[in-house]
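The values are calculated or read from the model by the stated rules, or taken from the named source; none is laboratory data. Just so it is clear, the structure is predicted and the values come from calculations on it, not from any experiment. Please note: Cβ atoms are built from the backbone with ideal geometry, for glycine as well, and neighbour counts cover all protein chains shown.
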Amino acid sequence: MLDFNSAPAAELTPALLACCDVPAWAAAVRDGRPYPDHDSLFATADEAARRFTRSDVDRALAAHPRIGERAHREGAEAGWSRQEQSGVHRDADTQQALAEGNRAYEQRFGRVFLICATGLSGEEILSALRTRLENDEHVEAQVVAAELRKIALLRLGRVVEPVRERASSRPGTA
């Protein structure tokens with residue numbers, strides 16, 4: 001995996017865009033190097049994610065499959081998506097309810113339903129989906145941006161974790 005601080009931008013940028021397909025976010029995280037430690041890296045990534053615009057969120061959502069559906073793309077983000085949704089049971093009732101909920105959400109808000117699904121069961125995701133259908137557009141836009149931020153930070157952890165394990169004996173390495 002990448003040595004985050006010394007990786008060439010041409011290698012690091014695609015890895016960051018796989019975490020979150022928002023070029024401004026990827027550039028802010030990349031250009032903040034060198035990081036003295038992981039806390040600094042994640043603080044910068046979090047701060048940059050809190051500046052997502054509506055168009056940033058829309059762009060990033062295009063890279064996410066619907067909850068309950070398999071990612072059709074290849075690459076890191078597709079693998080991460082499958083892993084993140086691993087708690088969604090693939091039984092017929094859950095699939096049907098998610099499909100119906102996704103349709104209702106897309107009709108109401110004009111975008112795919114996004115949730116940081118890591119560690120959530122299908123029932124928990126359905127409950128959140130149904131609750132969020134009651135949000136107004138402004139509140140839901142804030143919730144979606146926050147969920148996208150959680151996913152970006154989770155995925156960033158997957159990019160840097162192998163480096164962190166190798167560097168654990170070298171303080172100050174991100």
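Assorted remarks:
- Number of the condition not met by Ala152 [criteria: (1) part of a helix (DSSP H, G or I); (2) over 15 Å from Leu16 (Cα atoms); (3) at pLDDT 95 or above]: (2)
- Among the residues of the stretch 1-12, the one identified as touching an Asp or Glu at 6+ places or on another chain (Cβ under 9 Å) and part of a helix (DSSP H, G or I) is Ala9.
- Number of residues in the stretch 73-112 that are surrounded by 15 or more Cβ atoms within 10 Å (Cβ to Cβ), within 21 Å of Glu123 (Cα to Cα), at pLDDT below 60 and out of contact with any Ser or Thr (no Cβ under 9 Å at 6 or more places or on another chain) equals 2.
- With respect to the conditions (1) under 12 Å from the mean Cα position of the chain (by Cα); (2) modelled with pLDDT of 90 or more; (3) not aromatic (Phe, Trp, Tyr), Val159 falls short on a single one, namely (1).
- On the stretch given as the stretch 92-123, residues that are touching a residue at least 12 places away in the same chain (Cβ under 8 Å) and either more than 22 Å from Asp58 (Cα to Cα) or part of a loop (DSSP other than H, G, I, E, B) (or both) total 16.
- Listed conditions (1) outside any helix (DSSP H, G or I); (2) surrounded by fewer than 19 Cβ atoms within 10 Å (Cβ to Cβ) are all met by Glu140, apart from (1).
- Scanning the stretch 13-54 for residues that are surrounded by fewer than 15 Cβ atoms within 10 Å (Cβ to Cβ) and not in a helix (DSSP H, G or I) turns up Pro34, Pro36, Asp37, Arg50, Arg51, Thr53.
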